[in-house]
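Visitor: One structure, as structure tokens, below. Some questions next.
The values are calculated or read from the model by the stated rules, or taken from the named source; none is laboratory data. Just so you know, these numbers come straight off a predicted model, no measurement behind them. FYI the Cβ positions are ideal-geometry reconstructions off the backbone, even for glycines, and counts take in every protein chain you see. Side chains included, ligands, DNA and RNA excluded: accessible areas come from the protein's heavy atoms. Shrake-Rupley method; radii C 1.70, N 1.55, O 1.52, S 1.80 Å.
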Amino acid sequence: MASFVIEGGRKLEGEIKIQGSKNGSLPLLSASLLAEGKTLLYGCPDLSDVRAALNILTYLGCETAFDKGVAVIDCSNAKRSNIPDDMMQEMRSSVVFLGALLGRFGRAEISAPGGCEIGLRPIDLHLDAMKALGAQVVESGGRIVFTCPDGLKGARISLSFPSVGTTENILLAACTAKGETVIINAAREPEITELAEFLNDCGANIKGAGESVITVNGVERLNAVEHTVYPDRIAAVTYMAAAAVTRGNILLHGMNHELPMPVLENFEKAGCNLAADGDRIYIKAPKQLGRIPLIRTMPYPGFPTDSQADFAVMAAISVGTGIIVENIFENRFKYIAELIKMGACARTEGRVAVIEGVKELNSANVMSPDLRGGSALVVAGLCAKGKTTVENIEHIDRGYENFENQLKVLGAKITRRD
Ligand code: UD1
């Protein structure tokens, strides 16, 4: 079990380039299964989740290479349509291979991903959507087998919740299905827009991505293309929060300033000065963070659930009381117990966290409970008095490329212990 040791209290200052998006690159890697030829993904972040996705592709029979942020995937010889249990467990998002496997082979075999650290995360919406597109589903002994005896056929699918993963799987399965698919109440996250843009470049016919209704007209085949992965809007917010709690000022580049839009206003309300333009975002923190406005996590363009923990840390040392309502995942406040060990005055009631600002946080030995909760604890360690140890950082490695080095560039004192 690896850990970070952080000597807090140093102002973060300087400039860093934002990594490519984790949540964006995973469906793109899956989509490469559908494309004939060599797919090149530039700016692919070097993360354990990305490596897990590449391992799955290799297992399926694809040729893969990954060097200096460029992933090269050639799926000409892909022959397997099953993902073994251990690979499914390695990365919960491996369910995003489902739509591509069905599109490519008309068959898929995966395991039920089961619960995980932030909630139950069922896959009923994925299953129902694949059934609507013509898949027959048989579940036995934890394995789920999908077959399409009559091929995939376009359908009208109305989602009871705008699930990101389900919308991605529908796009992947529908783009080479016969006829028209209409997704109603589709997820609108930038990762959906990016996947649709990528698939359209490959020859797909998708209209309306980024809106609530998406129409896909099936095409015969897709051809591989080169694509640069969008910047990671969630990682960007974590670095901005790190600047905010250390009274620092940092410049992020390689960013698209519009991506974290739902969050930017909240930094300003807390007293931070922002300047955002093109691929840059600059943030300058006040001497004392003002009250964090009420945060309700929502599907995009609402406040992202992946960024709520960063704002909880800001609330912990702000003036007044911050309230966070988590509407997406039922178990996303585990980090609060660790934050309390650092002197935060916080409590949770079901899906609500109430955090009263204190003058400062103190150091402690804390455990990263999940990816975003873990990175937020590092942010807390950066502003806490003394030496904080964040354990179990394998979670953080799933989503932040070169995390400690990026923070060091900004002046943090942080070391990794394996
Ligand atoms: C993706 C992101 C994750 C982000 C989340 C919400 C990736 C790799 N992960 O996760 O970082 O926090 O979107 O923005 O892109 N649900 C069901 N049944 C289903 C599917 C989902 O009940 O079949 C529920 C989930 O339990 C959750 C909600 O719907 O409560 C949203 O999940 P979803 O949008 O699917 O999130 P993911 O795609 O798993």
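Visitor: Return a yes/no flag: does segment 90-101 have any residue that is away from the ligand (no atom under 16 Å from the Cβ), in contact with a strand residue (DSSP E or B) (Cβ under 9 Å, 6 or more places away or on another chain), in contact (Cβ under 8 Å) with a residue 40 or more places away in the chain and in a loop (DSSP other than H, G, I, E, B). Talk me through it step by step, then tell me what you get.
Guide: Taking segment 90-101 first, the residues away from the ligand (no atom under 16 Å from the Cβ) are 101.
Going one step further and asking which of them are in contact with a strand residue (DSSP E or B) (Cβ under 9 Å, 6 or more places away or on another chain), we end up with 101.
Restricting the remaining residues to those that are in contact (Cβ under 8 Å) with a residue 40 or more places away in the chain gives 101.
Retained after the next criterion (residues that are in a loop (DSSP other than H, G, I, E, B)): none.
Checked against the condition, which is being away from the ligand (no atom under 16 Å from the Cβ), in contact with a strand residue (DSSP E or B) (Cβ under 9 Å, 6 or more places away or on another chain), in contact (Cβ under 8 Å) with a residue 40 or more places away in the chain and in a loop (DSSP other than H, G, I, E, B), segment 90-101 yields no hits at all.
Visitor: Let me ask something else about it. Please identify the pairs in which a residue from segment 51-78 that is over 18 Å from Gly99 (Cα atoms) has its Cβ atom under 6 Å from the Cβ atom of a residue that is open to solvent by 70 Å² or more (accessible area, probe 1.4 Å) and at pLDDT below 95, counting only partners at least 6 apart or on another chain.
Guide: none
Visitor: May I ask you to list pairs of residues, at least six apart or on different chains, whose Cβ atoms are under 6 Å apart, with the first in segment 177-194 being without any contact (Cβ under 8 Å) to a residue 24 or more places away in the chain and the second being open to solvent by 10 Å² or more (accessible area, probe 1.4 Å) and in a loop (DSSP other than H, G, I, E, B)?
Guide: What qualifies is Thr193/Gly210.
Visitor: Looking at segment 33-48, which of its residues are more than 16 Å from the ligand (Cβ to nearest atom) and not aliphatic (A, V, I, L, M)? So that I can check it myself, show each step before the final result.
Guide: Residues of segment 33-48 more than 16 Å from the ligand (Cβ to nearest atom): 33-40, 42-43, 46.
Within segment 33-48, Glu36, Gly37, Lys38, Thr39, Tyr42, Gly43, Asp46 meet the criteria.
Visitor: Check Glu330 against each of (1) surrounded by 15 or more Cβ atoms within 10 Å (Cβ to Cβ); (2) in a loop (DSSP other than H, G, I, E, B) and name the one condition it does not meet.
Guide: Only one criterion in (1) surrounded by 15 or more Cβ atoms within 10 Å (Cβ to Cβ); (2) in a loop (DSSP other than H, G, I, E, B) is unmet by Glu330, namely (1).
Visitor: Filter segment 165-192 for residues that are hydrophobic (A, V, I, L, M, F, W, C) and surrounded by fewer than 22 Cβ atoms within 10 Å (Cβ to Cβ); which is farthest from Asp232 (Cα to Cα)? Steps first, please.
Guide: Going residue by residue through segment 165-192, those that are hydrophobic (A, V, I, L, M, F, W, C) are 170-175, 177, 182-184, 186-187, 192.
From what's left, surrounded by fewer than 22 Cβ atoms within 10 Å (Cβ to Cβ): 182, 184.
Values: Val182: 28, Ile184: 26 Å.
The selected residue is Val182.
Visitor: OK, next. Within segment 249-272, how many residues are out of contact with any Asp or Glu (no Cβ under 7 Å at 6 or more places or on another chain), open to solvent by 10 Å² or more (accessible area, probe 1.4 Å) and in contact (Cβ under 8 Å) with a residue 40 or more places away in the chain? Outline the logic, then answer.
Guide: Start the filter on segment 249-272 by keeping residues that are out of contact with any Asp or Glu (no Cβ under 7 Å at 6 or more places or on another chain), which leaves 252, 258-272.
Filter once more, so that each one left must be open to solvent by 10 Å² or more (accessible area, probe 1.4 Å): 258-259, 261-262, 264-266, 268-269, 271.
Those left that are additionally in contact (Cβ under 8 Å) with a residue 40 or more places away in the chain: 259, 261-262, 266.
Residues that pass the stated criteria total 4.
Visitor: Can you name the residue in segment 291-311 that is open to solvent by 20 Å² or more (accessible area, probe 1.4 Å), of a type outside the set (Ser, Thr, Tyr) and within 14 Å of the chain's Cα centre (by Cα) and is also nearest to Asn185 (Cα to Cα) among such residues?
Guide: Pro299
Visitor: If the requirement is being under 17 Å from Val95 (Cβ atoms) and not aromatic (Phe, Trp, Tyr), which of these qualifies: Leu12, Leu29, Leu41?
Guide: On the way: Leu12 fails: under 17 Å from Val95 (Cβ atoms); Leu41 fails: under 17 Å from Val95 (Cβ atoms).
Answer to the selection: Leu29.
Visitor: Would you mind stating whether Arg80 is surrounded by fewer than 20 Cβ atoms within 10 Å (Cβ to Cβ), within 16 Å of the ligand (Cβ to nearest atom) and part of a loop (DSSP other than H, G, I, E, B)?
Guide: Working: surrounded by fewer than 20 Cβ atoms within 10 Å (Cβ to Cβ): yes; within 16 Å of the ligand (Cβ to nearest atom): no; part of a loop (DSSP other than H, G, I, E, B): yes.
No, not satisfied.
Visitor: I'm trying to understand the selection: among the residues of segment 193-226, which are open to solvent by less than 10 Å² (accessible area, probe 1.4 Å) and either touching a Pro at 6+ places or on another chain (Cβ under 9 Å) or within 22 Å of Leu259 (Cβ to Cβ) (or both)?
Guide: Hits for segment 193-226 are Glu194, Leu195, Ala196, Phe198, Leu199, Ile214.
Visitor: Within segment 265-278, identify whether any single residue is assigned to a loop (DSSP other than H, G, I, E, B) and at pLDDT below 95, and answer yes or no.
Guide: Yes.
Visitor: A follow-up question, please. Test Ala309 against the stated conditions and say whether it is of a type outside the set (Val, Ile, Thr) and more than 16 Å from the ligand (Cβ to nearest atom).
Guide: The answer is no for Ala309.
Visitor: Working carefully through the options Arg121, Arg143, Arg156, find the one that is open to solvent by 20 Å² or more (accessible area, probe 1.4 Å), closer than 27 Å to His395 by Cα and more than 13 Å from the ligand (Cβ to nearest atom).
Guide: On the way: Arg121 fails: more than 13 Å from the ligand (Cβ to nearest atom); Arg156 fails: closer than 27 Å to His395 by Cα.
Being open to solvent by 20 Å² or more (accessible area, probe 1.4 Å), closer than 27 Å to His395 by Cα and more than 13 Å from the ligand (Cβ to nearest atom) holds for just one of Arg121, Arg143, Arg156, which is Arg143.
Visitor: Let me ask something additional. Search segment 139-164 for residues that are under 30 Å from Pro301 (Cβ atoms) and pair each with any residue that is surrounded by 16 or more Cβ atoms within 10 Å (Cβ to Cβ) and of a type in the set (Asp, Glu) when their beta-carbon atoms are under 6 Å apart and the residues are at least 6 apart or on different chains.
Guide: Val164/Glu189
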